[in-house]
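Comments concern the structure below.
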Amino acid sequence: MALLELKNVTKNYNNECCALDNVSFSVDKGEFVSIIGPSGAGKSTLLRCINRMVEASSGEISVDGVISSSLSKKKLRKLRTKIGMIFQHYNLVDRLTVIENVLHGRLGYKSTLAGVLGRYSQEEKSQAYRIIEILGLNEQIYKRCDQLSGGQKQRVGIARALVQNPKIILCDEPIASLDPNASKIIMDHLRNISKEMGITIIVNLHQVEVALKYSDRIIGVNRGKVVFDGAPCDLTTRQIRDIYGSESEDLIFDLGERHAG
Amino acid sequence: MRDDIFTKRRNGNLVFFSALLILSVGSIIITEYDVIKGFTSITKAVIWGGSNFYPDAESLRILPEILPKLQETVLMSIAATTVAAVLALVLSLAGSQTTRINRIFSIVSRGIASFFRNIPLVAWAMVLMISFSQSPLTGYLALFFGSLGFLTRAFMETIDEVGNNSIEALQATGASYFHIIFQAVLPASMPQMISWLLYMIETNIRDATLVGVLTGTGIGFSFDLYYKRFDYHAASLVVLLIVITVIVIELVSNNVRRVIL
């Protein structure tokens with residue numbers, strides 16, 4: 001039974017066709033999936049349909065055996081605790097410290113009063129500390145987040161997602177705002193998480209080489225439709241043309257090394 | 001072709017300033033405002049002020065009478081503002097685009113804020129005097145309602161400015177509405193809100209003097225009393241004290257702002 005399953009998911013905005021058009025695929029535990037495609041293709045919409053931040057117009061999405069479309073608010077919150085998310089602009093509370101932002105990941109598990117007062121158990125704090133150590137942020141743990149660099153902020157975002165003990169982590173263009181060094185650090189962390197913790201990672205990316213290098217599987221989306229779903233080694237120039245609508249030589253990346261001829 | 005843009009702009013400016021001129025001259029003529037008399041009166045006013053409107057040694061005798069009144073006015077303003085701020089916080093959470101629960105509450109909240117804010121303070125004081133007659137309570141309530149309206153609007157804009165990012169992130173972790181409010185929205189908007197609170201306190205102290213004239217309490221009433229007795233030296237002392245108080249409050253609040261920001 002797949003961890004995540006989408007069946008005929010369609011999304012229309014304002015009765016106009018179609019941000020997502022009959023999207024179907026399934027993802028297993030521990031897979032590293034990259035979603036690539038041109039801007040406006042529906043990648044962000046797709047990601048946000050998975051945790052119902054955006055409501056799909058039709059179709060069925062099931063996460064860990066639970067169909068998400070008919071859930072009550074309370075059950076939806078419970079579902080969301082199993083799905084972590086990281087964002088292009090980090091989406092941290094800048095005025096708070098790193099440790100406070102990381103612990104926000106536990107709010108889904110807390111009662112209203114405990115969460116409002118910020119009462120986290122000793123165990124939660126230890127876990128947060130361990131995760132912060134793994135990501136290499138111990139020096140910054142008590143710093144305010146607006147004093148961090150982009151790469152550090154994104155690691156805080158990852159820590160926040162990890163402290164939820166999620167089964168899936170959704171990443172909406174996590175390295176779009178980062179320099180090449182920081183990008184590599186982030187993608188390496190994501191790959192470690194997928195291999196060593198067995199957490200499914202689904203990433204939206206603009207950088208095709210990054211997708212090719214890190215993923216087990218690539219999903220190409222164009223105009224709301226899935227036009228490619230397979231292993232990186234199967235991604236040929238013809239598929240690139242289907243996804244991006246131009247020859248790969250006209251785009252700023254090089255498939256050439258991997259395919260002689 | 002480029003010349004056209006500059007010509008257009010110049011013509012636009014000409015039209016604008018001509019309209020402004022016509023409006024000004026027109027209003028002066030219609031209201032029969034004597035421009036020359038207006039300017040000469042300034043010199044006359046300065047001369048009168050210099051010869052009459054200053055505190056002298058004798059007027060210092062009133063100090064023990066008016067200092068308690070000054071204290072009463074200042075404390076009343078602070079009390080009215082702080083209580084209004086707490087209520088405004090609740091209303092603004094309901095009314096803001098990013099944190100509202102549903103549209104009806106939002107519209108109601110904005111309606112209340114608009115209504116209270118747009119009634120002039122003097123009108124509030126006079127209406128409230130019918131129920132509460134001449135007492136400090138009237139002044140307190142007049143300031144309270146005015147502040148409630150203004151602060152609700154100010155807080156709503158602060159909350160909107162914080163933006164949706166951190167709210168989106170916490171929703172994705174499964175946090176509840178109250179978790180999000182207390183762990184993301186309030187910490188992020190607190191400095192700006194405190195800034196507005198301090199601004200409102202300053203403004204209210206100034207307005208309290210005016211309200212005092214109407215309600216027969218506080219330092220405003222003292223000013224009115226001495227002025228109507230033609231005791232200009234005493235009246236000017238009162239004005240001086242008010243100015244000093246406002247400056248002191250301003251200095252204190254600037255320091256507070258520097259620390260918390």
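The values are calculated or read from the model by the stated rules, or taken from the named source; none is laboratory data. Here the structure is a predicted model, which is why all the values come from computation and not from measurement. All Cβ positions, glycine included, derive from the backbone under ideal geometry; neighbour counts span all protein chains shown. Heads up: the accessible areas ignore ligands, DNA and RNA and are worked out on the full protein's heavy atoms, side chains in. Shrake-Rupley method; radii C 1.70, N 1.55, O 1.52, S 1.80 Å.
General remarks:
- Value in Å of the Kirkwood radius, where region A:78-143 supplies the Cα pairs that are averaged: 12.8 Å
- Along chain B, longest interval not containing exposed chymotrypsin sites (Phe, Trp or Tyr not before Pro), exposed being DSSP loop plus at most 10 other Cβ atoms within 10 Å: B:34-229
- Per residue, the convex hull spanned by the Cα atoms of chain A measures out at 137 cubic angstrom.
- Remark: region A:125-138, residue by residue, has Karplus-estimated 3J(HN,Hα) of 5, 4, 4, 4, 5, 4, 5, 4, 5, 4, 7, x, 10, 4 Hz, where x stands for each Gly or Pro and the curve is 6.51 cos²θ - 1.76 cosθ + 1.60 at θ = phi - 60°.
- For A:Lys11, nonlocal amide neighbours, meaning residues 5 or more places apart or on other chains whose placed amide H falls under 5 Å from its own, are A:Ala19, A:Leu20, A:Asp21, A:Asn22, A:Ser57.
- P(r) tail, region A:1-62: Cα-Cα pairs separated by more than 13 Å, 61% of all pairs.
- Averaging the Cα positions of each part gives two centres, and for region B:1-70 and region A:24-59 these lie 63 Å apart.
- Probe 1.4 Å - accessible area at A:Glu31, Å² to nearest ten: 30 Å²
- The candidates A:His189, A:His104, A:His206, arranged from most to least accessible area with a 1.4 Å probe in the full protein assembly, appear as A:His206, A:His189, A:His104.
- The lysine pair count for region A:19-134, using Cα distances under 17 Å and pairs eight or more places apart or on different chains, is 9.
- Divide the volume of the convex hull around the Cα atoms of region B:1-46 by the residue count and you get 79 Å³ per residue.
- In Hz, Karplus ³J(HN,Hα) per residue of region A:204-215 (6.51, -1.76, 1.60; θ = phi - 60°; x = Gly, Pro): 8, 9, 9, 8, 5, 5, 4, 4, 4, 6, 9, 8
- Remark: region A:189-238 carries a charge dipole of roughly 140 debye about the Cα centre, counting +1 on each Lys and Arg Cβ and -1 on each Asp and Glu Cβ.
- Note on the protein assembly as shown: along the principal axes its Cα atoms extend 100, 70, 43 Å, ordered by decreasing extent.
- Of the DSSP H helices in chain B, those that are both long (alpha-carbon extent of 18 Å or more along the helix axis) and hydrophobic (Kyte-Doolittle mean at least -1.0) are B:2-30, B:35-52, B:63-95, B:103-118, B:136-162, B:186-215, B:232-260.
- Residues whose amide H falls under 5 Å from that of A:Val54, counting only those 5 or more places apart or on a different chain, are A:Cys49, with hydrogens built in the peptide plane.
- Distant alpha-carbon pairs in region A:5-106 (separation over 17 angstrom), percent: 59 percent
- Dividing the mean sequence gap of close Cα pairs (under 8 Å, 6+ apart) by how many residues chain A holds gives a relative contact order of 26 percent.
- For region B:1-126, convex hull of alpha carbons as volume per residue, Å³: 300 Å³
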